[in-house]
1. Which of the GluC sites (Glu not before Pro) found in the range 114-143 are loop residues per DSSP with 13 or fewer other Cβ atoms within 10 Å of their Cβ?
2. Could you give the nm distance between label points at Lys85 and Ile207, where each point is 7 Å from its Cα heading toward the beta carbon?
3. Going by how many other Cβ atoms sit within 10 Å of their own, how do Val169, Val108 line up, fewest first?
4. Using only the Cα atoms of the chain, construct the convex hull and provide its projected area averaged over every direction, in square nanometres to one decimal.
5. What are the lysines whose alpha-carbon lies under 28 Å from the alpha-carbon of Lys144, with same-chain residues fewer than 8 places away excluded?
6. Would you mind computing the Rg to Rh ratio of the range 178-246 from its alpha-carbon coordinates, Kirkwood style for Rh?
7. For labels at Arg248 and Thr73 in the simple 7 Å Cα→Cβ model, what's the distance in nm?
8. Taking trypsin sites (Lys or Arg not before Pro) as candidate sites, keep only those in a DSSP loop with at most 16 other Cβ atoms within 10 Å, then name the longest stretch of the chain containing none of them.
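What follows draws every value from the coordinates through simple rules; no lab data is involved. Because the structure is a prediction, the values reported are computed rather than measured. Don't worry about glycine lacking a Cβ; one is built from the backbone with ideal geometry, like all the others, and counts go over all protein chains shown.
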Amino acid sequence: MSADIGIDLGTASVLVYVKGKGVILKEPSVVAYDRDSNAIKAIGEEARLMLGRTPGNIIAVRPLRQGVISDYTVTEKMIKYFVQKALGKRTFKKPRISICVPSGVTEVERKAVEEAAYAAGAREVNLIEEPVAAAIGAGIDISKPCGNMIVDIGGGTSDIAVISLGGTVVNTSLKLAGDDFDEAIVRFMRKKHNLLIGERTAEDIKIKIGTTYPLIDEESMEVRGRNLVTGLPKTVTVTSSETEEALREPTGQIVEAVISVLERTPPELSADILDRGIMLTGGGSMLRGLEELIEERTGINTMTAEEPMQVVAIGTGQFVEFSGGRKEY
Ligand SMILES: Nc1ncnc2c1ncn2[C@@H]1O[C@H](COP(=O)(O)OP(=O)(O)OP(=O)(O)O)[C@@H](O)[C@H]1O
Ligand SMILES: [Mg+2]
C-alpha cells in the first residue's frame, strides 16, 4: 500500500500529515546524539527533554535552526524517523513525500531537504513553499487570480507573502519569529528585574500573559529565576504590559516587513488584499495582540487562521491530495 505524506519541517516542530488521516504526528524538531560514537540517542519529544540537561557526551540539537538545514546528516535521520513513525508497519511501497520549505531558502538548501527526503525512503519528493502551503491549509483557494496575503510566523522564521494563481508574487522572509519573542522577554527580565530566566520560562510567560498590544485588563504571573546580583533564586511578578514593552521591538520588525511587502505589491493585488484581509498562520501568530497591531499599522483587516500551528502541514498534505503531488508551485 502506498502512502502520500506531507511534512512541515519546522524549526520548532515537525508535523506529518498522512493522506486521508490528517495530521497524525507532531513532535519537536530536536535530535539527541552521542558525540563520541555519533549514534542517535533520541529524536523528537524524548530528545527535547534532554535539551540543556545532557551529560557531557550526549548533545541535543535543533537541526533546523532558523528554518534551514544546518546539520544535514541529523536532519536526514530525523525525517526518516518521523516518516517511519507516521506510517508504522504499512510501508510496503515507498511514500510520495511533499515537504514545505521556507520561501527564502537557497537552491542548495532546497536540494539538501530533497535529498534528505529521498534518503529517508521517498519514491517521489515535492517541495512546496511554506506560504503557499499555509494559504492552502488556511482554506484559501489559491488557484484564482486574486491576491492573498499570508503572514506565517513560526519559531525561527516569519514568511510574508502575497500569493495569486498558486504562486508567490511578492515575499520576504525574516529570520525572526516566536523564538525571538522569547529571547526578547529573557533580555527584558535581565535588564528590568536583574533576573536571569531560561528560554522555556520566557516562552511560558509569552503564552500565559504575553501581548503585543495593550490589554484592557492587566494580567500578571510569578516568575522564578536567578538573581543576577546575588546569584540566588528569586521570584518576580511580571505583568502583561511589561511583555508588551519587551515584545515591541521584534513584533515591530514583523510589522515593518509586512508594510514593505505591501509597498511592493502590484496595485490590483493590493486592492484584493484590502478586500480580503491579511491571514496570520504559524504558532508565533498566536501571540495576543498581533492581529490588532498589524491592523492598526496597516489599516487592513487581519485574522488568524484556525489551528495556526497545523495549517502548513495540512496545506502541504492537501497539496498532495489535490494535485497528486506532481506540480511544483
Ligand atoms: N499560545 C501561543 N502564544 C504565543 N506563541 C505560541 C503559542 N503557542 C506556540 N507559540 C509559539 O509558536 C512558535 C512555534 O511555531 P510553529 O510550530 O509554527 O513553528 P515552526 O513551523 O516549527 O517554525 P518555522 O516555521 O520558523 O520553521 C514557538 O515560538 C512557540 O513559542
Ligand atoms: Mg512553520
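1. Values: sites: Glu114, Glu115, Glu124, Glu129; in loops: none.
Filter output for the range 114-143: empty list.
2. Here the answer is 1.7 nm between the modelled labels.
3. On the way: Val169 17, Val108 9.
Placing the least packed residue first, the sequence is Val108, Val169.
4. Working: hull surface 70.8 nm².
Averaged projected hull area, Cα only: 17.7 nm².
5. List returned: Lys19, Lys21, Lys327.
6. Values: Rg = 11.2 Å, Rh = 11.8 Å.
Rounded to two decimals, Rg over Rh is 0.95.
7. Distance between label points: 4.8 nm.
8. Working: sites that count: Lys21, Arg35, Arg53, Lys89, Arg90, Lys93, Arg123, Lys175, Arg264, Arg326, Lys327.
Longest gap between qualifying sites, sites excluded: 176-263.
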